[in-house]
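The values are calculated or read from the model by the stated rules, or taken from the named source; none is laboratory data. Here the structure is a predicted model, which means the values were calculated and not measured. Note: ideal-geometry Cβ built from the backbone for every residue, glycine included; neighbour counts use all protein chains shown. Only protein heavy atoms, including side chains, enter the accessible area calculation; ligands, DNA and RNA are left aside. Shrake-Rupley method; radii C 1.70, N 1.55, O 1.52, S 1.80 Å.
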Amino acid sequence: MKSLVSVITPMYNSERFISATIMSVVNQTHQNWELLLIDDFSKDKTIQIVKEFITKYPNIKLLENPANQGAAVSRNRGIKAAKGQYIAFLDADDLWKPEKLKKQLAFMKEESCDVCFSSYDLMDELGNPLNKQVKALPVLNYKKLLKSNYIGNLTGIYSVNSLGKITSPNLRKRQDWLIWLESIKTSGKPAKSIQESLAMYRVRNGSISSSKWSLLKYNYWVYKKGLGFSTSKSIFSLLVFLFEYFFIKSKQTVSINGK
């Protein structure tokens, strides 16, 4: 029996992208999955679109929040409802390549690792390739991950059998980073990656990734509130993060197709 993978997808006003995101899960060559879609009180047609998929695919499930509560609450709700031996994450505007789950599960078994991630491509808001790829570090330990989030959340997967269910503190942003930190800490072993690109990340206008000031603020709260560091240690960690982000991690993004 192939392992069941629980895919966690928080949604909020995602009508423009959610169909393509769902289809990228439906089209996986590893077919033993459940897709948990957690709607965070959307005001558009997200829920109507999802309900059309539910009538066709019984392994797609919709959970609706009674009010807008943020990605952390939504993601944690999905994790708690998950039944899989593995948990993977896919945001409502990103895409997986068809072999994503199959290759990662085989790799995790072969390498005896509890946490796995991969490289991924970048696309613009309309889904056009940006001819850029974020290369995954081959091996990632807790100390390195603490400096900056080197795991693209759309590529990450962890073993529930080995680690139990890892949730995150209730932060509005960057809570995925805390999930991967806790996963590696609980495992006691580094995360390992597949160097091949297995997913596509949508770079959206006005996203946190495109706002340096937001990046600064939310990363400070990861250290201060998420990890419980003192103010001085949080500030020091943020300075380390800034150096890592601009001078080291930036080198992980490379041009592809010679462009």
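Take residue 103 and decide whether it is charged (D, E, K, R), under 20 Å from residue 140 (Cβ atoms) and open to solvent by 10 Å² or more (accessible area, probe 1.4 Å).
Spelling it out, residue 103 is indeed charged (D, E, K, R), under 20 Å from residue 140 (Cβ atoms) and open to solvent by 10 Å² or more (accessible area, probe 1.4 Å).
Return yes or no: is residue 168 touching a helix residue (DSSP H, G or I) at 6+ places or on another chain (Cβ under 7 Å) and touching a residue at least 40 places away in the same chain (Cβ under 8 Å)?
When the stated conditions are applied, residue 168 passes them.
What residue, of 87, 79, is among the aliphatic types (A, V, I, L, M) and in a strand (DSSP E or B)?
87
Restricting attention to segment 195-211, does a residue exist that is of a type in the set (A, V, I, L, M, F, W, C) and either more than 29 Å from residue 23 (Cα to Cα) or surrounded by fewer than 18 Cβ atoms within 10 Å (Cβ to Cβ) (or both)?
yes
Take residue 82 and decide whether it is crowded, with 18+ Cβ neighbours inside 10 Å, under 19 Å from residue 202 (Cα atoms) and hydrophobic (A, V, I, L, M, F, W, C).
Spelling it out, it is not the case that residue 82 is crowded, with 18+ Cβ neighbours inside 10 Å, under 19 Å from residue 202 (Cα atoms) and hydrophobic (A, V, I, L, M, F, W, C).
More than 22 Å from residue 190 (Cβ to Cβ) and either of a type outside the set (A, V, I, L, M) or at pLDDT 95 or above (or both), is that true of residue 52?
Numbers: more than 22 Å from residue 190 (Cβ to Cβ): yes; either of a type outside the set (A, V, I, L, M) or at pLDDT 95 or above (or both): yes.
Criteria met by residue 52.
Tell me which residues, restricted to segment 10-20, are touching a Lys or Arg at 6+ places or on another chain (Cβ under 9 Å) and of a type in the set (S, T, N, Q).
13
Do you know which residues across segment 1-26 are within 17 Å of residue 63 (Cα to Cα) and either of a type in the set (S, T, N, Q) or open to solvent by less than 10 Å² (accessible area, probe 1.4 Å) (or both)?
Answer for segment 1-26, where residues must be within 17 Å of residue 63 (Cα to Cα) and either of a type in the set (S, T, N, Q) or open to solvent by less than 10 Å² (accessible area, probe 1.4 Å) (or both): 6, 7, 8, 9, 11, 13, 14, 18, 19, 21, 22.
Check 49, 79 and return the single one that is of a type in the set (Val, Ile, Thr) and in contact with a Leu (Cβ under 9 Å, 6 or more places away or on another chain).
79
Mind counting the residues in segment 27-54 that are open to solvent by 20 Å² or more (accessible area, probe 1.4 Å), in contact (Cβ under 8 Å) with a residue 24 or more places away in the chain and among the hydrophobic types (A, V, I, L, M, F, W, C)?
The qualifying residues number 3.
Select, from 236, 241, 229, 246, the only residue that is touching a residue at least 40 places away in the same chain (Cβ under 8 Å) and not basic (Lys, Arg).
Values: 236 fails: touching a residue at least 40 places away in the same chain (Cβ under 8 Å); 229 fails: touching a residue at least 40 places away in the same chain (Cβ under 8 Å); 246 fails: touching a residue at least 40 places away in the same chain (Cβ under 8 Å).
Among 236, 241, 229, 246, only 241 is touching a residue at least 40 places away in the same chain (Cβ under 8 Å) and not basic (Lys, Arg).
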